[in-house]
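Enquirer: Just dropping this structure here.
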Amino acid sequence: MSLMDKIRKESEAPSVVIVKREDPLLDEFHIEHDELGSQTPIQSASFEESLLKELEKIPLVSSKKVGVRLEEKILSDIQDLCRDNNITVETLLESFYETCISRDSIMKLVIKDAQARMKRRTRAGNIRSTLTKFRNIQNH
């Protein structure tokens, strides 16, 4: 079978089947379209305007990414939690912040724990640096 024959066969009966994704916004559009008969450009524009108005109400997400390094066990637990609840680490962090910021006593506990973790990490970094220097001195 030539390459052209393979291409023709694939175009007639693709081996990869694409499953139709559900899209609530498009479903709403199709429902409106079916109810109103044919969409006029004005109706399409109003649909677009309603989506833009809704989008304006949703907070913007920063384009800046924050690289976060976590303790291995905590990272694993957070990933499991996110996977089990169909959320992302980013949205979990945002939610933790929003929940804690309005509760002063909880925020103080979180900050105190974060400061203790920072001291431990700084100490671990200093130990690693000292060990590297010590080993380099011994090798020369």
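Enquirer: Restricting to segment 68-89, name every residue that is under 20 Å from Asp113 (Cα atoms) and not aliphatic (A, V, I, L, M).
Expert: Scanning segment 68-89 gives Arg69, Glu71, Glu72, Lys73, Ser76, Asp77.
Enquirer: Something else now. Hey, Lys20 hits all of (1) at pLDDT 75 or above; (2) open to solvent by less than 100 Å² (accessible area, probe 1.4 Å) but one; which does it fall short on?
Expert: (2) is the only condition that Lys20 fails.
Enquirer: Further, regarding this structure: Picking from Leu51, Leu75, Leu109, Leu70, which residue would you name as being surrounded by 10 or more Cβ atoms within 10 Å (Cβ to Cβ) and touching a residue at least 24 places away in the same chain (Cβ under 8 Å)?
Expert: Leu51
Enquirer: Is it the case that segment 89-101 has a residue that's among the acidic types (Asp, Glu), surrounded by 12 or more Cβ atoms within 10 Å (Cβ to Cβ) and modelled with pLDDT under 90?
Expert: No, segment 89-101 has no match at all.
Enquirer: When you scan segment 118-132, do you find a residue that is closer than 19 Å to Val66 by Cβ, free of Cβ contacts under 8 Å to residues at least 60 places away in the same chain and open to solvent by 100 Å² or more (accessible area, probe 1.4 Å), even just one?
Expert: There is at least one residue in segment 118-132 that is closer than 19 Å to Val66 by Cβ, free of Cβ contacts under 8 Å to residues at least 60 places away in the same chain and open to solvent by 100 Å² or more (accessible area, probe 1.4 Å).
Enquirer: Please give the number of the condition Gly67 fails out of (1) modelled with pLDDT of 95 or more; (2) not in a helix (DSSP H, G or I); (3) not acidic (Asp, Glu).
Expert: Only one criterion in (1) modelled with pLDDT of 95 or more; (2) not in a helix (DSSP H, G or I); (3) not acidic (Asp, Glu) is unmet by Gly67, namely (1).
The values are calculated or read from the model by the stated rules, or taken from the named source; none is laboratory data. Small disclaimer: the values here were computed from a predicted structure and weren't measured. A quick note on method: Cβ atoms are made from the backbone with ideal geometry, for glycine too, and the neighbour counts reach across all protein chains shown. Accessible surface areas use protein heavy atoms only, side chains included; no ligands, DNA or RNA. Shrake-Rupley method; radii C 1.70, N 1.55, O 1.52, S 1.80 Å.
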